[in-house]
Amino acid sequence: MTVAIVFLPLLGAILAGLFGRFIGRIGSQIVTSLLMVVSAGLSIPVLLSVGFGAGPFTVTLFDWIHVGSFDVSWALKVDTLTAAMLFTVSVISALVHIYSIGYMHGDPSEPRFMAYLSLFTFFMLMLVTADNLVQMFFGWEGVGLSSYLLIGFWNDRPSANAAAIKAFIVNRVGDFGFMLGIAGIYLAFDTANLDAIFSAAPEMAGQTFRIFGTELPVLTTLCLLLFVGAMGKSAQIGLHTWLPDAMEGPTPVSALIHAATMVTAGVFMVARMSPLFEYTETALAVVAFVGATTALFAATIGCVQNDIKRVIAYSTCSQLGYMFFALGVGAYGAAIFHLVTHAFFKAMLFLGAGSVIHAMSDEQDMRRMGGIWKNIKITYAIMWIGSLSLAGLPVFAGYYSKDTILEAAWGAHSAIGQYAFWMGAIAALLTAFYSWRLLFMTFHGQPRADEKTMAHVHESPMVMLIPLMVLALGAIFAGMIGYDSFVGAGRAAFWKNALAVVGTDPLEAAHHVEGFVKTLPVVVALVGILVAYLFYIVKTDLPAKLAGAMPGLYRFLLNKWYFDELYDRIFVRPVFAIGRVLWKRGDVGIIDRFGPDGISFVTRIVAKRTALMQSGFVYHYAFAMIIGLAVFVSAYVVGLQG
């Protein structure tokens, strides 16, 4: 069953990718979507069996690599962490596949698009079922490749090509750290097998090794290198710049990348490697600090963006920050719980935004929307549900997972826990504000689009609305259904040994925090909603006045803290300058000049000089023959005398 879950998407990708022109657009839709739905359906009994029944198991497919003592098999490791990811990834991907049938209707390359979606899902499923680090790296890089193909799917657009290249390159920076971490783990543990690494981790705690003449703690160094890889894939501050630009891809791509695949890979990897992270407080503190900083950083930017998809993209970046600081304080179950609930409401928000864009004739700027809720009432209701869950209001899924993270950060009773809690609380205020800013600017007020666009505003077809309705059920009920198992009283029986906790369990402390810790996130969320209502419904001139009163801060946030400009100045321009020097002076000036160009130049000169001798007069040729004969005879005579 597990083999089918993982490899059915690959089969769909092969059929649609290689035989798409034979089975056609509809055939590609049916094959990929049907196989993905079957995969999603099979993931449910696996989750129930592993989490509540027989427990974890491993399926060995074949021996893969044998080089000296390096022995790696291709195997599928299925514990509760894997089962939860299999369910989340396959269900969200199946719904995105179905949604894409309507959204991509009329695109001439739809079979290729459906093949890419299925391939993307296969690599993510391979990543989460990895039994060893080499296999995990295979899935890790496959996800990066697929994201490049999907972000740049509309390759006739220069902006899409640039965004795809940017995502690929920025992720390579993080992947370099991940590769070093894997190499370091093999150096320290003499194995890449996860179970063997985890069993040896306690003995490695406190040990050091010498690198470049410096003694470094083994586990801290390795975990920090692994976290660099997680920062790239999960768009944490510093390596986040690719994520907003990924909006250049079709909206279903945005939903899949931001909800269930790629960006969650880093969260999964840190949770998977928790038996190592638990023995290094320094690495955990770094994870918590980066996550908390990202949560606030991305939320501030989301408050001023005008592209509907970019607002939701920065929301993803912020919510990933919550997951990471949960990991950093040791609340691994809370991080995965938020990963699951976030997948439902974030996929719903992205696909809902796609429904809005579809209704608005491909318009994405919220400043050119407004007053459309009566025309697309189902989409409007869907966006409300997603926003309520994102803001973490009671009953909705985000309330259970996000509040648990904040309570665990407070319950950690550490300086980094306090920092994470207050950064998360402020981010919760901003999250509610930008969520309702999006709702009010998009659906309420006077129409700001032209008459032609407004005349064509219409609800999306049912093939797009049905996945949204299914996701809405998850955004409402996933929190209350999963709370007890993921972070409540039943968590030990559910997780078993999938997540390591050494010492005090922060989730236990989370259930006994002060009352204000439990109520503060809800209060600040309500404040954020009220401020957005005041700014965009009651006093619509206030945002412009506030931006005018603080132009520097507004430009700073609008330009995304100037990270792109900073990287352009520090990295891009110098690299281009070096490239031009190597090209003009090295390649053209030296290699070509004295290499192929030089040889061809000399050949042309010799040919031209030789051509001068071809005058066309017989007596010239006769004279040359006589001279040649004289030289030959003279040489022969001289040779005889010698």
Test set (1) assigned to a helix (DSSP H, G or I); (2) free of Cβ contacts under 8 Å to residues at least 40 places away in the same chain - Phe62 fails condition number: (1)
Taking region 128-144 and keeping residues among the charged types (D, E, K, R) and either more than 20 Å from Val263 (Cβ to Cβ) or more than 14 Å from the chain's Cα centre (by Cα) (or both) leaves Asp131
Check on Thr82, within 20 Å of Ala259 (Cβ to Cβ) and either open to solvent by 40 Å² or more (accessible area, probe 1.4 Å) or part of a helix (DSSP H, G or I) (or both): yes
Please find, within region 258-299, the residue that is farthest from Phe433 (Cα to Cα) out of those that are polar (S, T, N, Q) and under 20 Å from the mean Cα position of the chain (by Cα). Thr261
Residues to consider are Val531, Val513, Val517; find the one that is open to solvent by less than 70 Å² (accessible area, probe 1.4 Å) and assigned to a loop (DSSP other than H, G, I, E, B). Val513
Subset of region 129-162 (residues that are in contact (Cβ under 8 Å) with a residue 60 or more places away in the chain, closer than 13 Å to Met179 by Cα and open to solvent by 10 Å² or more (accessible area, probe 1.4 Å)): Val134
Would you confirm, using the coordinates I've provided, whether Val588 is exposed (fewer than 11 other Cβ atoms within 10 Å of the Cβ) and without any contact (Cβ under 8 Å) to a residue 40 or more places away in the chain? no
Count of residues meeting criterion [within 25 Å of the chain's Cα centre (by Cα) and of a type in the set (S, T, N, Q)] in region 406-464: 2
Just to be sure before I move on: is Gly55 in a helix (DSSP H, G or I), out of contact with any strand residue (DSSP E or B) (no Cβ under 9 Å at 6 or more places or on another chain) and small (Gly, Ala, Ser) in the structure I sent? no
On the basis of being out of contact with any strand residue (DSSP E or B) (no Cβ under 7 Å at 6 or more places or on another chain), at pLDDT below 90 and open to solvent by less than 10 Å² (accessible area, probe 1.4 Å), does Met369 make the cut? yes
Exactly one of these conditions fails for Ser49: (1) farther than 23 Å from Val143 by Cβ; (2) open to solvent by 80 Å² or more (accessible area, probe 1.4 Å). Give me its number. (2)
Residue within region 323-333 that is under 24 Å from Leu95 (Cβ atoms) and open to solvent by 10 Å² or more (accessible area, probe 1.4 Å) present: no
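Taking the stated definitions as given, is Thr264 open to solvent by 10 Å² or more (accessible area, probe 1.4 Å), part of a helix (DSSP H, G or I), modelled with pLDDT under 95 and not aliphatic (A, V, I, L, M)?
no
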Quick one: is Ile301 at pLDDT below 90 and either of a type in the set (A, V, I, L, M, F, W, C) or part of a loop (DSSP other than H, G, I, E, B) (or both)? no
Conditions: (1) open to solvent by 10 Å² or more (accessible area, probe 1.4 Å); (2) on the phi > 0 side of the Ramachandran plot. Ile385 meets all but one. Number of the miss? (2)
Search region 400-420 for residues that are at pLDDT 95 or above and pair each with any residue that is surrounded by 24 or more Cβ atoms within 10 Å (Cβ to Cβ) and among the acidic types (Asp, Glu) when their beta-carbon atoms are under 8 Å apart and the residues are at least 6 apart or on different chains. none
With the condition kept exactly as written, say whether any residue in region 421-434 is more than 28 Å from Leu542 (Cβ to Cβ), in contact (Cβ under 8 Å) with a residue 40 or more places away in the chain and either touching a Leu at 6+ places or on another chain (Cβ under 9 Å) or open to solvent by 10 Å² or more (accessible area, probe 1.4 Å) (or both). yes
Of all the residues that make up region 113-143, how many are part of a helix (DSSP H, G or I) and either among the polar types (S, T, N, Q) or closer than 13 Å to Val253 by Cα (or both)? 11
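Residues to consider are Leu219, Leu180, Leu194, Leu224; find the one that is open to solvent by 60 Å² or more (accessible area, probe 1.4 Å), at negative phi and modelled with pLDDT of 90 or more.
Selected residue: Leu180, the only one of Leu219, Leu180, Leu194, Leu224 that is open to solvent by 60 Å² or more (accessible area, probe 1.4 Å), at negative phi and modelled with pLDDT of 90 or more.
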Considering only region 271-322, state which residues are basic (Lys, Arg) and open to solvent by 20 Å² or more (accessible area, probe 1.4 Å). Arg310
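The values are calculated or read from the model by the stated rules, or taken from the named source; none is laboratory data. These figures come from a predicted structure and were not determined experimentally. As a convention, Cβ positions derive from the backbone with ideal geometry for all residues, glycine included, and neighbour counts pool all protein chains shown. Accessible surface areas use protein heavy atoms only, side chains included; no ligands, DNA or RNA. Shrake-Rupley method; radii C 1.70, N 1.55, O 1.52, S 1.80 Å.
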